[in-house]
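The values are calculated or read from the model by the stated rules, or taken from the named source; none is laboratory data. Owing to the predicted nature of the structure, the values given are computational and were not obtained by experimental measurement. Note that we place each Cβ from the backbone using ideal geometry, even for glycine, and neighbour counts take in every protein chain shown.
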Amino acid sequence: MSETSPQDFKHLALTLAGAQESAPWLDTLRFEGTEQWLEAQWPGRRTELWKYTPLSSLQRGQFTSWGSAQAYTLADEALLTLDAIRLVFVNGEFDAQASSGDAAGVVRFSQADSTQQALIEANLGKIVDTKRHLFASLSNAWTQDGVLVHVPKNTKLELPIYIVHISTPEAAAATANHRVLVLLEESAQAEVIEHFVSDEQQQNGFVNSLTEIQVGANAHLSHYRMNLEEEHLIHIGGVHINLASDAQYLGFTLSEGSQLKRIDYQICHKGKGAHAGLNGVYLPRNKHLLDYHTNVEHEAPHCTTSEVFRGIIADSARAVFNGRIHIHPDAQKTLAELSNKNLLTSDQAEIDTKPELEIYADDVKCAHGATVSQLDQTSMFYLRSRGLTEKQARTMLSFGFINELLQDLPQQAVREHLHRHLTQLFDKDQFVS
Amino acid sequence: MLDIRNLNARVEETEILRNLSLNIKPGEIHAIMGPNGAGKSTLGNILSGRPGYEATSGEIEFNGKNLLEMDIEERAREGLFLAFQYPVEIPGVSNMEFLKASVDARRKHLGQPELSSFDFMKIARETSKRVSLDAAFLKRGVNEGFSGGEKKRNEIMQMMLLEPSLCILDETDSGLDIDALQVVAAGVNSMRSPERSFIVVTHYQRLLDFIVPDYVHVLAGGRIVKSGGKELALELEAKGYSWLEDEVA
């Protein structure tokens, strides 16, 4: 199929916006999004933020309709087993039957009362940095429904919020827009798990997802985001986080590859003494293209960031990792660390990694590094000398490479789910052969 | 058990072992001693099939089979075990998971049923006690952050779990203090049986005070230059290796 030109693609996308029925109070955001989307330059090879990630498979996609809830069959244990407030969406449509539980402050935009509407209006599209994230403009233009998690001052949400996005193939290639807004007021505490999954059929959709998070003073958020969709699904996603004084954000993200997957994280330290921890794992194989861009803005003093990303790139897959930490002049006494390690399990696998530090303050401690390696031959020999086959040894070593990030996850349901899921993935011949 | 006949071997382009022959019967302990660079570790590596080590001529028969034609893992499953001089650290792979996979592989090869996780854990915990390793080590990454002595004890624990027929200890005594040495030696001695043979590769006589060999061979310049009983080790301790090297030259 031929590629739609950038102009046509932009207009087609806006035709989709025109086909939505949305609440009038979201009009301003949608309008601004539309304008920015039209004005924005289409990424090309000279666009630094998109240098290694062509959008051709998206432009070939002909996404001319919105997804709708379809019947789906998920593999056994495809979803987490945990006690949680569960919100399930299928191709972007809310699935009331599959959802369960409720908590004050957790509501879909379409069900929001006037106070909640005001909160959404005041914050939605305001945390995200659309200049660094083209598809956030599109998400704004497409805003119709979404999930608001609002936790008032000194309140702790007792149960995790578990938001599931299920994709299924449709007769015509379709689009889904996912929006999440998390607002934690002062000293509030919550745990949010986002889980993108598809049924096992070959997918033909495009998912644009955007999560905005405001962590208030001394508030604490644990946030998991898993992209475990079938390999034909196109996913462009972003997570944008603002941290107030002494706020704490602990994030974990894991993605399997697909023909095109791009995920942006942006963390802004707005108040002094905030901490951000972000760990990530990416696992592209076959001919996947998987791109993680992270950007941490240290705007205030005494903040800390710890970021660790690990990737295993198999077959002819290509991964991109770009991790930037930007220390502003006022951000004295910053402690920031960024580490990115990559394991290539085939000669055709490729990683383009670029850790970047930009420092404009003089009293800070920062470190960054990236490594690219292959499986260690001495370790391979050691395992085989104990009777493990070459394949078993490769699987074990590959899993070990990322397991250091998995084994310490505080949320047991996520940890066990990923352990099981990835063991199956690694047992597939193609991943480590 | 093991019959090495006229073995020549090289590492990359360098000829290390020259025309080496050695016959080991079930139940015997053979010590291989020799100066640094004599080819002692090469022998263990050739026997276990380490990549980069190549037998250029000669034959090795292990339990009646041609060892040189077997893959690394086949040798292990057939009952050959090499305790590494430098055990590898593998963070992220739990010791328990690794041990169970190796024991499963060996049991499957022997036509025995796989052990349940529960049964295996029980056996692993008992075995770790036998080498004075805290059971907490089972949960850690393979050798991750272990001291030198703990790594060697972990090797002996693996040996106990796998119940090999031929155990090769490659300088297992190097870097061990006397207490750890005794633990390791006691572990080895507890495994002695009429069906099991040992090759103990060491630079120092000290280990052989604790693991008493039936035969001692001196390897120098890639060949066995002298063989004898356990008293040969004492003679070496007293006179060093140079007189033998002179004798050969």
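Quick notes
- Residue match in the range A:353-371 (condition: closer than 28 Å to A:Glu230 by Cα, away from chain B (no Cβ under 14 Å), in contact (Cβ under 8 Å) with a residue 60 or more places away in the chain and surrounded by fewer than 22 Cβ atoms within 10 Å (Cβ to Cβ)): no
- Some residue of the range A:31-43 being modelled with pLDDT under 95, closer than 19 Å to A:Glu350 by Cα and surrounded by 13 or more Cβ atoms within 10 Å (Cβ to Cβ): no
- Any hit, the range A:230-238, residues being closer than 21 Å to A:Asn403 by Cα and within 11 Å of the chain's Cα centre (by Cα): no
- Where a residue in the range B:76-88 is at the interface with chain A (Cβ under 7 Å from one of its Cβ atoms) and without any contact (Cβ under 8 Å) to a residue 60 or more places away in the chain and its partner, wherever it lies, is of a type outside the set (S, T, N, Q) and crowded, with 24+ Cβ neighbours inside 10 Å, with Cβ under 7 Å and at least six apart: B:Arg77/A:Gly387; B:Val88/A:Tyr382
- Condition met for A:Ala349 (small (Gly, Ala, Ser), buried (at least 22 other Cβ atoms within 10 Å of the Cβ) and under 27 Å from A:Val320 (Cβ atoms)): yes
- Put simply, of A:Arg394, A:Arg386, A:Arg324 the only residue that is touching a helix residue (DSSP H, G or I) at 6+ places or on another chain (Cβ under 6 Å) and modelled with pLDDT of 95 or more is A:Arg386.
- The residues of the range B:10-34 that are in a loop (DSSP other than H, G, I, E, B), at negative phi and buried (at least 17 other Cβ atoms within 10 Å of the Cβ) amount to a single one, B:Glu28.
- In the range B:43-52, the residues that are in contact (Cβ under 8 Å) with a residue 24 or more places away in the chain and within 13 Å of chain A (Cβ to nearest Cβ): B:Gly44, B:Asn45, B:Ile46, B:Leu47, B:Ser48, B:Gly49, B:Gly52
- Of all residues making up the range B:53-74, the number that are more than 8 Å from every other protein chain (Cβ to nearest Cβ) and either surrounded by 17 or more Cβ atoms within 10 Å (Cβ to Cβ) or under 20 Å from B:Arg223 (Cα atoms) (or both): 14
- Just one of the listed residues (A:Ser110, A:Ser114, A:Ser167, A:Ser99) is among the hydroxyl-bearing types (Ser, Thr, Tyr) and more than 27 Å from A:Leu79 (Cβ to Cβ), and it is A:Ser114.
- Of A:Gln201, A:Gln266, A:Gln248, all but one fail to be among the polar types (S, T, N, Q), surrounded by fewer than 24 Cβ atoms within 10 Å (Cβ to Cβ) and within 26 Å of A:Ala141 (Cβ to Cβ); the exception is A:Gln266.
- Residue within the range A:391-399 that is within 14 Å of chain B (Cβ to nearest Cβ) and among the hydroxyl-bearing types (Ser, Thr, Tyr) present: yes
- Whichever residue in the range A:307-333 is of a type outside the set (Lys, Arg) and more than 24 Å from A:Glu48 (Cβ to Cβ) and, among such residues, is surrounded by the fewest Cβ atoms within 10 Å (Cβ to Cβ): A:Asp330
- Residues within the range A:380-398 that are farther than 18 Å from B:Met157 by Cα, within 36 Å of the chain's Cα centre (by Cα) and surrounded by 18 or more Cβ atoms within 10 Å (Cβ to Cβ), tallied: 8
- Checked against the criterion of being within 19 Å of the chain's Cα centre (by Cα), more than 13 Å from every other protein chain (Cβ to nearest Cβ) and not hydrophobic (A, V, I, L, M, F, W, C), the range B:103-124 contains not a single residue that satisfies it.
- Strands (runs of 3 or more DSSP E) completely within the range B:147-249 that count 2 or more residues being small (Gly, Ala, Ser) and touching a strand residue (DSSP E or B) at 6+ places or on another chain (Cβ under 6 Å): B:223-228
- Taking residues in the range B:216-245 that are under 10 Å from B:Gly34 (Cα atoms), and partners anywhere that are aromatic (Phe, Trp, Tyr), the pairs with Cβ atoms closer than 9 Å and at least 6 places apart or on different chains are B:Val218/B:Tyr241; B:Ala220/B:Tyr241.
- Hey, A:Asp102 within 22 Å of A:Glu194 (Cα to Cα), free of Cβ contacts under 8 Å to residues at least 24 places away in the same chain and either part of a helix (DSSP H, G or I) or charged (D, E, K, R) (or both) or not: yes
- Here B:Val248, B:Val216 are screened, and the one residue that is at pLDDT 85 or above and not basic (Lys, Arg) is B:Val216.
- Options A:Thr53, A:Thr115: the member that is closer than 29 Å to A:Leu148 by Cα and polar (S, T, N, Q): A:Thr115
- Some residue of the range B:195-218 being within 14 Å of another protein chain (Cβ to nearest Cβ) and not β-branched (Val, Ile, Thr): no
- Members of the range A:105-125 found to be of a type in the set (Val, Ile, Thr) and either more than 24 Å from the chain's Cα centre (by Cα) or not in a helix (DSSP H, G or I) (or both), listed by number: A:Val106, A:Val107, A:Thr115
- Selection of the range A:131-183 for residues being surrounded by fewer than 21 Cβ atoms within 10 Å (Cβ to Cβ) and touching a helix residue (DSSP H, G or I) at 6+ places or on another chain (Cβ under 6 Å) yields only A:Asp145.
- Residue satisfying condition, being hydroxyl-bearing (Ser, Thr, Tyr), over 24 Å from B:Ile24 (Cα atoms) and in contact with an Asp or Glu (Cβ under 9 Å, 6 or more places away or on another chain), within set B:Ser147, B:Ser128, B:Ser117, B:Ser165: B:Ser128
- Every residue from the range A:32-72 that is of a type in the set (Ser, Thr, Tyr) and either in a helix (DSSP H, G or I) or more than 16 Å from A:Leu138 (Cα to Cα) (or both): A:Thr34, A:Thr47, A:Tyr52, A:Thr53, A:Ser56, A:Ser57, A:Ser68, A:Tyr72
- Of all residues making up the range A:122-134, the number that are modelled with pLDDT of 95 or more and of a type outside the set (Val, Ile, Thr): 5
- Taken across the range A:417-427, residues that are charged (D, E, K, R), crowded, with 17+ Cβ neighbours inside 10 Å and either more than 8 Å from every other protein chain (Cβ to nearest Cβ) or over 25 Å from the mean Cα position of the chain (by Cα) (or both) do not occur at all.
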